[in-house]
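Peer 1: One structure, pasted below without further comment.
The values are calculated or read from the model by the stated rules, or taken from the named source; none is laboratory data. Remember, it's a predicted structure, so these values are computed and weren't measured experimentally. Glycine gets a Cβ as well: all are built from the backbone with ideal geometry, and neighbour counts include every protein chain shown.
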Amino acid sequence: MYNSVNACISAGTKYVEALDWWLVPVHGIGKKAKSPIYKGWPDVKPGIDHLQACLDFHGDAGIGINLGGSGLLDLEGDSEEGEAILTDLCIGIDFPRYKSSKSIHRLFQVPDSVGHLGNRSRPGGDFWRN
């Protein structure tokens, strides 16, 4: 087993047990990198044993988050201006985040009353409404 797999399962276990997140095994390299390993993934909430089996079988695989199933939204600025707006709005707020090659991804719990506007013409990227 690869070291990256061990790290994924270790972190994944915490996310599943403590936060009830829906995790998805994803391809690790090649043309399909970061894409789910199997079809129907949006409707499947795999347990740790299932994730471990997928990662054991696909040695280069990783784990992604099913945002919808987990009740999360990912806020990122699609431009420098959008990134600056989100950075200012998030000052003093503690939340999970990671930096991709394009921007910072900020994860927040979605209230049930929020819907997606999908307006990419605004400088901050996608927007959500009550």
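Here's the yes/no breakdown for (1) closer than 20 Å to TRP22 by Cβ; (2) part of a helix (DSSP H, G or I); (3) of a type in the set (Val, Ile, Thr):
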residue: ILE63; (1), (2), (3): yes, no, yes
residue: GLU83; (1), (2), (3): no, yes, no
residue: ILE91; (1), (2), (3): no, no, yes
residue: PHE95; (1), (2), (3): yes, no, no
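Peer 1: Take the stretch 65-81 and flag every residue that is within 21 Å of TRP21 (Cα to Cα) and among the polar types (S, T, N, Q).
Peer 2: If the condition is that a residue be within 21 Å of TRP21 (Cα to Cα) and among the polar types (S, T, N, Q), then ASN66, SER70 are the ones that fit.
Peer 1: To continue, here is another question. Within the stretch 62-80, how many residues turn out to be of a type in the set (A, V, I, L, M) and out of contact with any helix residue (DSSP H, G or I) (no Cβ under 8 Å at 6 or more places or on another chain)?
Peer 2: Count: 2.
Peer 1: Check the stretch 96-105 and report whether any residue there is over 19 Å from THR13 (Cβ atoms), basic (Lys, Arg) and at pLDDT 90 or above.
Peer 2: no
Peer 1: Does the stretch 34-42 include one or more residues that are small (Gly, Ala, Ser), over 18 Å from HIS105 (Cα atoms) and modelled with pLDDT under 85?
Peer 2: No, the stretch 34-42 has no match at all.
Peer 1: On the basis of being modelled with pLDDT under 90, within 15 Å of the chain's Cα centre (by Cα), under 30 Å from ILE29 (Cβ atoms) and not hydroxyl-bearing (Ser, Thr, Tyr), does GLY62 make the cut?
Peer 2: Numbers: modelled with pLDDT under 90: yes; within 15 Å of the chain's Cα centre (by Cα): yes; under 30 Å from ILE29 (Cβ atoms): yes; not hydroxyl-bearing (Ser, Thr, Tyr): yes.
Yes; evaluated as a whole, the condition is true for this residue.
Peer 1: Still on this model: How about the stretch 16-32: which of its residues are part of a loop (DSSP other than H, G, I, E, B) and out of contact with any Asp or Glu (no Cβ under 9 Å at 6 or more places or on another chain)? Break it down into steps so the answer makes sense when it comes.
Peer 2: Step one: filter the stretch 16-32 for residues part of a loop (DSSP other than H, G, I, E, B), giving 20-22, 27-32.
Scanning the stretch 16-32 gives ASP20, TRP21, TRP22, LYS31, LYS32.
Peer 1: Right, something else. Please go through (1) surrounded by fewer than 17 Cβ atoms within 10 Å (Cβ to Cβ); (2) part of a loop (DSSP other than H, G, I, E, B); (3) not aliphatic (A, V, I, L, M) for THR13 and return the number of the only condition it doesn't satisfy.
Peer 2: With (1) surrounded by fewer than 17 Cβ atoms within 10 Å (Cβ to Cβ); (2) part of a loop (DSSP other than H, G, I, E, B); (3) not aliphatic (A, V, I, L, M) applied to THR13, the lone miss is (2).
Peer 1: Quick check, is LYS31 charged (D, E, K, R) and modelled with pLDDT of 90 or more?
Peer 2: When the stated conditions are applied, LYS31 does not pass them.
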